[in-house]
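Here's the structure, in structure tokens; my notes come after.
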Amino acid sequence: MGWVLQLVDTRTENRAPSVDVMEISRPNDLRDIASLGLTLPEAKQLLARVQQAVVAAQARDYAGLRPECAACGGRCHVKDWRPHQIATLFGGVTVRLRRFLCSGCGRSETTTSWPSHCRSTPELDQLQAHLSALMPYRVAAGVLEHLLPVEAGTSPETLRGRTLNVGEHLRNAAPITSTAAAPAIALSLDSTFIRSCHDGERHQEVRIGNVETLNGGRQVFGAVARTETDITVLIRRNLETLGRTSNTELTAFTDGCPGLRSILTDAGVTSLPILDWFHIAMRLQHAKQAAEVLSTDEPGRVQAKTVIVAEVERLRWRIWNGKAKGARLTIERIRKVMHVFKGERRRRTGTAPSRKLWHALHAVDAYLSSQSAWLVNYAERHRAGLRVGTSVTEGTANFLVNRRMAKSQQMRWSRRGADLLLQVRAAVYNGTLGSGFGKLFEPMSRPHPTLAEAA
Ligand SMILES: [Zn+2]
């Protein structure tokens with residue numbers, strides 16, 4: 001079977017002749033399922049040809065326009081034609097546009113407001129940035145090349161360049177001001193590290209923030225330290241986006257790093273930041289996991305393990321209820337039964353669970369003792385319907401930074417590259433990159449579903 005795909009101008013006046021776009025032929029023998037419908041190469045070719053034809057028609061039509069001089073209002077005459085090679089989602093196109101000169105004052109005029117050195121459509125830039133925010137540049141380039149007729153500009157370097165451009169625009173964009181005032185906002189500030197490609201520097205610090213309202217509004221943001229992106233500006237901007245007013249009750253959470261506390265102060269967040277329950281729970285989880293895999297190969301160990309698991313759980317309960325400023329007591333109680341695990345066999349990870357448990361408990365103790373001023377009665381807050389930390393269950397740092405930028409150990413980042421990519425990633429999660437892509441996470445309506453069991 002065969003068809004000719006035609007583009008027909010639908011206007012009644014100035015109707016242009018119809019254009020044959022492409023001949024399609026498919027077998028009429030359907031014994032093989034592979035013969036059904038168009039193939040991907042055909043679809044790509046079809047998109048590319050339709051794009052060429054549509055652009056050609058648009059350019060032809062537009063060439064009839066003549067601008068008026070913006071300075072003196074005089075008549076303009078054609079100076080020359082300029083070809084513009086533009087990469088689009090559906091292939092590269094060449095558009096010839098006229099440049100004009102005012103016959104009165106000699107001023108140059110054009111009929112487009114395209115950015116200078118424009119090489120691609122915003123839609124292509126945004127899709128490339130969107131994919132690059134989620135996967136390595138090389139993989140993103142491969143996906144695009146596989147699915148769409150984008151032969152121009154699919155190199156990872158091009159994608160990187162365009163993505164960082166988009167990131168720069170996002171960073172410099174004016175804040176989106178909220179129409180509704182938020183009675184309460186929870187702000188959590190956190191930090192993580194990524195590998196650095198700069199000489200004499202192994203890691204770079206990344207600060208990540210998350211702001212949430214009670215009715216499920218949420219924004220995430222981040223900045224690499226020592227870049228042009230000012231984290232305090234981002235904090236202010238995101239609070240504004242969620243509808244902060246002078247009456248908003250603002251609660252701040254941090255992981256306890258003093259640097260983050262001073263950033264909060266610089267951003268005008270004056271209320272005392274609370275130690276985020278998420279970070280405590282994560283450290284307790286390490287102790288709990290180690291306790292749960294303690295050996296039970298001897299009767300004495302079975303008994304001791306029961307005691308230890310209960311003690312770790314009690315420690316969690318005491319911290320949750322604001323009754324513990326450290327883990328000393330737990331460590332002392334566990335020490336009494338710990339001797340039965342002497343000579344415990346190592347696991348595949350290379351460490352015996354009892355050793356791991358000991359490490360984890362001391363880590364909890366060191367953490368809590370240094371942060372005791374910022375501990376609160378989490379149970380009481382929770383019962384009152386108040387937040388006890390970020391509601392992102394895996395932690396904002398993990399999904400915003402680590403999933404894309406720290407998973408692969410080989411990846412080393414330039415300060416600017418990581419920072420601008422982070423701006424794009426945040427926009428993807430916030431649903432503010434272009435239109436029609438949507439948010440990557442659902443706004444949460446229940447403040448802390450996973451914490452009910454902790455209480
Ligand atoms: Zn003029």
Original post:
If you add up the charges near Lys288, with Lys and Arg at +1 and Asp and Glu at -1, over every other residue whose beta carbon is less than 9 angstrom from its beta carbon, what do you get?
Top reply: -1
Original post:
So what is the calculated 222 nm ellipticity per residue for the chain, using -39500 (n - 2.57) for each DSSP H run with n of 4 or more, over all residues, to the nearest 500 deg cm²/dmol?
Top reply: -12500 deg cm²/dmol
**OP:** Please give, to one decimal in nm, the separation of the simple spin-label points placed at Leu97 and Asn398, each 7 Å out from Cα toward the Cβ.
**Re:** 4.8
**OP:** Between Ile24 and Leu214, take the C-beta separation as r, use R0 = 60 Å, and let me know the FRET efficiency to the nearest 0.05.
**Re:** 0.60
Subject >> Rough spin-label spacing in nm, given labels placed 7 Å along Cα→Cβ, for Glu298 and Glu205 >> reply: 4.7
Subject >> Per-residue ³J(HN,Hα) for the stretch 417-423, Karplus 6.51 cos²θ - 1.76 cosθ + 1.60, θ = phi - 60°, Hz, x for Gly and Pro >> reply: x, 5, 5, 6, 4, 4, 4
**OP:** Find the centroid of the Cα atoms in the stretch 300-339 and in the stretch 120-192, then give the distance between the two in whole Å.
**Re:** 47
Original post:
Based on Cβ point charges of +1 for Lys and Arg and -1 for Asp and Glu, what charge dipole magnitude is obtained for the stretch 41-131 about its Cα centre, in debye rounded to the nearest 20?
Top reply: 360
Original post:
Are there trypsin sites (Lys or Arg not before Pro) in the stretch 137-200 that DSSP marks as loop and that have at most 10 other Cβ atoms within 10 Å, and which are they?
Top reply: none
Original post:
Can you work out ³J(HN,Hα) from phi for every residue in the stretch 90-107, in order, using Karplus 6.51 cos²θ - 1.76 cosθ + 1.60 and θ = phi - 60°, giving whole Hz and x for Gly and Pro?
Top reply: 10, x, x, 10, 10, 10, 9, 10, 8, 10, 10, 10, 6, 6, x, 10, x, 6
**OP:** Evaluate the charge dipole of the stretch 152-298 about its Cα centre and quote only its size in Debye, nearest 20, assuming +1 on the Cβ of each Lys and Arg and -1 on the Cβ of each Asp and Glu.
**Re:** 440
**OP:** Find which of Thr158, Ala324, Tyr378 sits farthest along the positive direction of the dipole of the chain, computed with +1 on the beta-carbon of Lys and Arg, -1 on that of Asp and Glu, about the Cα centre.
**Re:** Ala324
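Could you please state how large a percent of the accessible area of the chain is carbon and sulfur, counting protein chains only and using a 1.4 Å probe?
Answer for the chain is 53 percent, counting heavy atoms of protein chains only.
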**OP:** Check each of the chymotrypsin sites (Phe, Trp or Tyr not before Pro) in the stretch 340-415 and keep only those in coil by DSSP with at most 11 other C-beta atoms within 10 angstrom; list them in order.
**Re:** none
**OP:** Would you please state the base-10 log of I(q)/I(0) at q = 0.17 1/Å for the stretch 147-206, with intensities from the Debye formula using one equal scatterer on every alpha carbon?
**Re:** -0.97
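If I take R0 = 22 Å and measure r between the Cβ atoms of Glu380 and Val309 in this structure, what FRET efficiency does the formula 1/(1 + (r/R0)^6) give, to the nearest 0.05?
Efficiency for this residue pair is about 0.30.
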Original post:
Under 19 Å Cα-Cα from Lys79, which aspartates and glutamates qualify once same-chain neighbours fewer than 8 residues away are excluded?
Top reply: Asp61, Glu68, Glu109
Original post:
So who's got an amide H within less than 5 Å of the one on Ala252, skipping anything under 5 residues away but keeping other chains? H placed 1.01 Å off N, in plane.
Top reply: Leu187, Ile274
Original post:
Once amide H atoms are placed 1.01 Å from N in the peptide plane, what residues at a sequence separation of 5 or more from Gly389, or on another chain, have their amide H within under 5 Å of its amide H?
Top reply: Trp277
Original post:
Suppose every K and R has +1 on its Cβ and every D and E has -1 on its Cβ; what is the size of the dipole of the chain about the Cα centre, in Debye to the nearest 20?
Top reply: 1360
Subject >> Potential lengthening between Gln285 and His198 on full extension [0.36 nm per residue; Cα-Cα distance subtracted] >> reply: 27.8 nm
Original post:
Hey, rough spin-label estimate for Arg333 and Ser35, points 7 angstrom out along Cα→Cβ, what's it come to in nanometres?
Top reply: 7.6
Original post:
Given a 1.4 Å probe, how much area per residue of the stretch 1-65 is accessible, in Å²?
Top reply: 74
Original post:
Measuring from a point 7 Å past the Cα of His77 along Cα-to-C-beta, which residues in the stretch 96-125 have an amide N at less than 16 Å?
Top reply: 99-109
Subject >> Degrees separating the helix 122-134 axis from the principal Cα axis of the chain, which is the longest one >> reply: 20
Original post:
Once all Cα-Cα distances of the chain are split into 20 Å bins that start at 0, what whole-number percent is in each one?
Top reply: 19, 39, 29, 12, 2, 0
Subject >> Angle between the chain longest axis and helix 156-172 axis [Cα atoms, degrees, rounded to 10] >> reply: 80
Original post:
Roughly how tilted is helix 328-338, in degrees to the nearest 10 and between 0 and 90, from the longest Cα axis of the chain?
Top reply: 70
**OP:** Give the long-range amide H neighbours of Ser120: residues separated by 5 or more places, or on another chain, with amide H under 5 Å away, using H modelled in the peptide plane at 1.01 Å from N.
**Re:** Ala87
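The values are calculated or read from the model by the stated rules, or taken from the named source; none is laboratory data. Note that the structure is predicted; figures quoted are calculated from it, not measured. Here the Cβ is made from the backbone with ideal geometry for all residues, glycine too, and neighbour counts use every protein chain on show. For accessibility, only protein heavy atoms count, side chains too; no ligands or nucleic acids. Shrake-Rupley method; radii C 1.70, N 1.55, O 1.52, S 1.80 Å.
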